[in-house]
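Encoded as structure tokens, the structure appears first; notes follow it.
The values are calculated or read from the model by the stated rules, or taken from the named source; none is laboratory data. Here the structure is a predicted model, which is why all the values come from computation and not from measurement. So basically every Cβ, Gly included, is an ideal-geometry build from the backbone, and we count neighbours across all protein chains shown. Just the protein is used for accessible areas: all its heavy atoms, side chains included, with ligands, DNA and RNA removed. Shrake-Rupley method; radii C 1.70, N 1.55, O 1.52, S 1.80 Å.
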Amino acid sequence: MSTAKEHRVTQLHYSRSRRLLQLTFDDDAEFALSAEFLRVFSPSAEVRGHGPGQETLQAGKSSVAITRIDPVGHYAVQITFDDGHDSGLYSWRYLRDLAERQDHYWQIYLKKLAAEGKSRDPELQVLHFEP
């Protein structure tokens, strides 16, 4: 994570149509993070595991959206996604790190997906019916 001074989020705005969370920090730095990016990098134990090597690669999240954002004290938010995921607290420090290193994290994620033969797109389920 970033070792710079810890900054607080002063404004959050979620665009449902674009599925982008816009953040403004107390130093006036502005960033935009997609719902997919936030879901893939959820700080929850379900995603990150309980230690190194226990992470679960999140695939098929390209169309995920945020349905709710709840403040947690003065230091974090809890985000609920339309796939039902709602665990993990996004601290201001964690959001700043994600925002500042977004390109770096995204490239690593894409490489992991490719290495495991997985996709950002949701799995398609094909059903066959006989008349």
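The single condition among (1) touching a strand residue (DSSP E or B) at 6+ places or on another chain (Cβ under 8 Å); (2) open to solvent by 50 Å² or more (accessible area, probe 1.4 Å) that LEU38 does not meet is (2). The conditions of being under 16 Å from TYR105 (Cα atoms), open to solvent by 40 Å² or more (accessible area, probe 1.4 Å) and not in a loop (DSSP other than H, G, I, E, B) are met by PHE31.
Of the set (1) at pLDDT below 95; (2) among the aliphatic types (A, V, I, L, M); (3) in contact with a helix residue (DSSP H, G or I) (Cβ under 9 Å, 6 or more places away or on another chain), all apply to ALA45 but (3). In this structure, is ILE66 open to solvent by less than 40 Å² (accessible area, probe 1.4 Å), touching a helix residue (DSSP H, G or I) at 6+ places or on another chain (Cβ under 7 Å), closer than 26 Å to LYS5 by Cα and aliphatic (A, V, I, L, M)? Here the answer is no, as ILE66 does not meet what is asked.
Per-residue answers, yes or no, for (1) farther than 21 Å from GLU46 by Cβ; (2) in contact with a strand residue (DSSP E or B) (Cβ under 7 Å, 6 or more places away or on another chain); (3) of a type in the set (Gly, Ala, Ser); (4) at pLDDT 95 or above:
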position	(1), (2), (3), (4)
SER91	no, yes, yes, yes
TYR94	no, no, no, yes
ILE108	no, no, no, yes
LYS111	yes, no, no, yes
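The set of residues in segment 93-113 that are open to solvent by less than 20 Å² (accessible area, probe 1.4 Å) and not hydroxyl-bearing (Ser, Thr, Tyr) comprises LEU95, ASP97, LEU98, ALA99, LEU113. State all residues of segment 53-80 that are of a type outside the set (A, V, I, L, M) and under 20 Å from VAL9 (Cα atoms); if no residue qualifies, say none. Scanning segment 53-80 gives THR67, ARG68, ASP70, PRO71, GLY73, HIS74, TYR75, GLN78, THR80.
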